[in-house]
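Down below is the structure, laid out as structure tokens.
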Amino acid sequence: MLQWLIYTLGLSKMAYETFAFVYDEVMDDSLYDQWLAFSKRHLPEGKKDVLEMACGTGALAVDFAKAGFTVTALDLSEEMLTMASKRAAEEEVQIQFVQGNMMDLSEMGQYHAITCFSDSLCYMANRQEVQQVFDDVYQALEEEGVFIFDVHSVHQIEKVFPEYSYHYQTEEFAFLWDSYPGEKEHSIEHFLTFFVKENGSDETFIRQDELHQERTYSMENYLMMLESSGFMDVEVYADFTDEVPTEESKRWFFVCKK
């Protein structure tokens, strides 16, 4: 199962269009159902105004909208938002898409709930950037609002990902994913390679290489940063369930009430 935030590095618009279908092909659709289900269990009753950060190609934003939420979807990539807008139009749902950085929500207004899934926070370069996101989210939440996000656990980064290798192939494309320990504490580097058949060609494939760098922190560090931002009521769960994390949990879910 592929569970990373698709921040593609250095692609042109044409390349985005060429590789867009690959992302949807290799991403496990059941994950969106699980993120939505977890959110619905923990969002405030009757509160439907949601900001979904790092929305990517919009699959989860569309699911939120179909479930009756009023959705604003934020992403750094203009190209990803173009794809997301097209998806929303095809699914006939209304979503406000905004290009922006989740480290600066000063002009985003306020929301009943804010979400940030698919380990998107693990793409922040350091603790200062994570803290900035938490600070801005707190200010963008209405009173008694809820912030829900997930991150890779230390176990996932330290024990599961290193030397991980995943290869996927069809007649139209091939995808290679290999992971290695990063230079910083609790960090990982994912090397991704795509070979996609060029339009109108039976033999020519386009190659695209990407480097995804992720970093997580101890549970204590996350809780400390959240408290510093003002979140005093925080619950932590594991792996899409409502169970508390164990030493072998792969993904931590934080539910933070303002």
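The values are calculated or read from the model by the stated rules, or taken from the named source; none is laboratory data. On a predicted model such as this, the values are computed, not experimentally measured, just so you know. Here Cβ is always computed from backbone atoms with ideal geometry, including for glycine, and neighbour counts include all displayed protein chains. The accessibility values were calculated without ligands, DNA or RNA, using every heavy atom of the protein model including side chains. Shrake-Rupley method; radii C 1.70, N 1.55, O 1.52, S 1.80 Å.
With an 8 Å Cα cut-off and a minimum separation of 6 or more residues, compute the relative contact order for region 131-202 in percent.
22 percent
Which value, in debye to the nearest 20, gives the size of the charge dipole of the chain about its Cα centre, when Lys and Arg are +1 and Asp and Glu are -1 at the Cβ?
Taking the Cα centre of the chain as origin, the dipole is about 360 debye.
Pick out, from Gln131, His112, His42, the residue whose Cα sits farthest towards the positive end of the charge dipole of region 27-154, with +1 on the Cβ of Lys and Arg and -1 on the Cβ of Asp and Glu.
So the residue we want is His42.
When the label point is put 7 Å from the Cα of Val236 along its Cα-to-beta-carbon vector, which residues of region 117-155 have a backbone N closer than 13 Å?
Flagged as within label range: 150-155.
For region 186-242, what is the relative contact order in percent, using Cα pairs closer than 8 Å and at least 6 residues apart in sequence?
Averaging sequence separation for qualifying contacts and normalising by length gives 30 percent for region 186-242.
When the Karplus curve 6.51 cos²θ - 1.76 cosθ + 1.60 is applied with θ = phi - 60°, which whole-Hz ³J(HN,Hα) does each residue of region 178-187 get, with x for Gly and Pro?
Listing the rounded values in order: 10, 10, 9, x, x, 7, 8, 4, 6, 10 Hz.
I'd like to check one number: the per residue accessible area of the chain, probe 1.4 Å, reported in Å² as a whole number. Don't skip to the end; give the middle numbers.
Details: 12450 Å² over 258 residues.
That works out to 48 Å² for each residue.
For region 123-258, what is the charge dipole size about the Cα centre, in debye to the nearest 20, if Lys and Arg each add +1 at the Cβ and Asp and Glu each add -1 at the Cβ?
Magnitude of the dipole: close to 200 debye.
Just to be sure I understand, if you calculate volume of the Cα convex hull per residue in Å³ for this structure, which of [x] 122; [y] 186; [z] 151 do you get?
The calculated read-out lines up with [x].
Using label points projected 7 Å from each Cα along Cα→Cβ, tell me how many nm separate Glu247 and Ser228, to one decimal.
2.9 nm
Looking only at region 148-170, which residues have a backbone nitrogen under 19 Å from a spot 7 Å from the Cα of Tyr180 in the C-beta direction?
157-167
Counting alpha carbon pairs within less than 8 Å and at least 6 residues apart, what relative contact order, in whole percent, applies to the chain?
That works out to 16 percent.
Which of the lysines could be linked to Lys258 by a straight reach, that is with a Cα gap under 29 Å, when you skip same-chain ones fewer than 8 residues away?
Lys40, Lys47, Lys48, Lys66, Lys250
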